[in-house]
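Working notes for the structure below.
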Amino acid sequence: MFYDQDSLKRCKEEYEDILQKHHQLKLRLMKFQSKLRSSDSQVYLTQGVIRRLDTLVRCIKNIFRISSVERTEKLSPDELKDLTINLHAFFVNISGIFDNLGWVFVFEHNLLGRRKDGKLERKDIGIFNKKTQLHLPENLLKYLESRDLKSWYENYSKNFRDALAHRIPLYVPPAMLNENEGEEYQKLQDQLQTLDLSSPENLNRYEEILGQQMQLGQVSLFFAHLKNEGGDPVFFHAQVIVDYKTVEELVIKFCEAYVEPTP
């Protein structure tokens with residue numbers, strides 16, 4: 001299964017669009033920094049949000065370099081590892097941006113402290129944290145609770161990030177298999193399970209079967225984690241573009257909602 005021509009064209013155009021708009025977003029954030037009164041807020045914006053945005057873009061570049069949208073050859077084991085590493089970094093830093101934005105807001109409004117004093121403790125801080133959201137401007141909160149964004153965050157982004165950090169990490173399968181190939185792969189897998197690997201001859205047979213499995217299928221274009229935990233396959237080229245644009249929009253909305261704190 002490969003991208004059709006329209007999908008290829010759109011994916012390439014949106015990739016180039018991200019590279020161009022990323023610089024504009026950084027300039028916007030540097031200008032926004034000058035509005036912030038708290039030095040801690042400025043640090044979390046520049047060394048947190050902006051640095052992580054740079055990492056996201058670098059991950060996207062690496063993903064498209066390792067496995068271009070036109071690629072038909074299956075990835076090597078090392079390429080699969082490198083692709084997976086970049087996807088892991090991508091998800092972790094998206095989550096980090098959401099936390100950093102929360103810290104920018106909290107420092108700017110002097111909200112860090114004890115709950116009994118009406119403030120927020122460290123574990124309460126994050127732009128999607130319900131306790132932080134109690135203090136956000138109404139227009140920003142309305143955006144964060146919009147159906148599409150809430151679904152993207154809860155059902156996809158947070159799900160994959162939490163699985164990565166705490167359960168089964170997302171991965172890129174070595175190949176995509178059709179029904180017949182899937183059946184053949186399973187037959188070979190069953191043979192592997194019955195081999196007595198204490199025998200040198202069976203060790204050679206083990207390698208032969210692995211080689212046969214590697215010949216099956218075509219280049220994999222998706223990542224996943226456990227299906228029964230909401231980790232259904234997602235096409236990675238298109239998804240990282242959607243994810244970056246979602247983060248970009250959220251960051252812009254955060255800046256637009258800024259209200260200078262009362263001295």
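Laboratory data are not the source of any read-out in this text; all were calculated from the coordinates shown. Predicted model only: the values in this text are computed from it and were never measured. With ideal geometry, Cβ positions are generated from the backbone for all residues, glycine too; neighbour counts draw on all protein chains shown.
Looking at (1) in a helix (DSSP H, G or I); (2) in contact with a helix residue (DSSP H, G or I) (Cβ under 8 Å, 6 or more places away or on another chain), which one does GLY231 not meet, given that it meets all the others?
Only one criterion in (1) in a helix (DSSP H, G or I); (2) in contact with a helix residue (DSSP H, G or I) (Cβ under 8 Å, 6 or more places away or on another chain) is unmet by GLY231, namely (1).
Being surrounded by fewer than 17 Cβ atoms within 10 Å (Cβ to Cβ) and in contact with a Leu (Cβ under 6 Å, 6 or more places away or on another chain) is the filter here, so list the residues in region 158-174 that pass it.
ILE168
Please tell me if TYR15 is under 29 Å from ASP82 (Cβ atoms) and outside any helix (DSSP H, G or I).
Spelling it out, it is not the case that TYR15 is under 29 Å from ASP82 (Cβ atoms) and outside any helix (DSSP H, G or I).
Considering region 174-189 alone, what residues qualify as being under 25 Å from ASP78 (Cβ atoms) and either hydrophobic (A, V, I, L, M, F, W, C) or in a loop (DSSP other than H, G, I, E, B) (or both)?
PRO174, ALA175, MET176, LEU177, LEU188
Looking only at region 7-40, filter to residues that are of a type in the set (Asp, Glu) and surrounded by 14 or more Cβ atoms within 10 Å (Cβ to Cβ); which one of those is farthest from LEU112 (Cα to Cα)?
GLU14
Would you kindly identify the helices (runs of 4 or more DSSP H) lying entirely within region 95-173 that contain at least 2 residues that are farther than 26 Å from LEU83 by Cα and free of Cβ contacts under 8 Å to residues at least 12 places away in the same chain?
Per the criteria, 130-133, 138-144, 147-151.
Can you tell me how many residues within region 41-70 are farther than 28 Å from ASN155 by Cβ and exposed (fewer than 15 other Cβ atoms within 10 Å of the Cβ)?
4
When you look at VAL259, is it in a helix (DSSP H, G or I) and either within 15 Å of the chain's Cα centre (by Cα) or not hydroxyl-bearing (Ser, Thr, Tyr) (or both), yes or no?
no
Is it the case that some residue within region 135-148 is within 24 Å of HIS237 (Cα to Cα), crowded, with 16+ Cβ neighbours inside 10 Å, aliphatic (A, V, I, L, M) and out of contact with any His (no Cβ under 9 Å at 6 or more places or on another chain)?
Among the residues of region 135-148, not one is within 24 Å of HIS237 (Cα to Cα), crowded, with 16+ Cβ neighbours inside 10 Å, aliphatic (A, V, I, L, M) and out of contact with any His (no Cβ under 9 Å at 6 or more places or on another chain), which makes the answer no.
Residues in region 93-111: is at least one more than 27 Å from ASN155 (Cβ to Cβ), in contact with a Lys or Arg (Cβ under 6 Å, 6 or more places away or on another chain) and not acidic (Asp, Glu)?
yes
Just to be sure before I move on: is ALA238 hydrophobic (A, V, I, L, M, F, W, C), touching a Gly at 6+ places or on another chain (Cβ under 7 Å) and part of a helix (DSSP H, G or I) in the structure I sent?
Taking the combined requirement at face value, the residue does not satisfy it.
Considering region 209-223 alone, what residues qualify as being farther than 30 Å from GLU70 by Cβ and exposed (fewer than 13 other Cβ atoms within 10 Å of the Cβ)?
none
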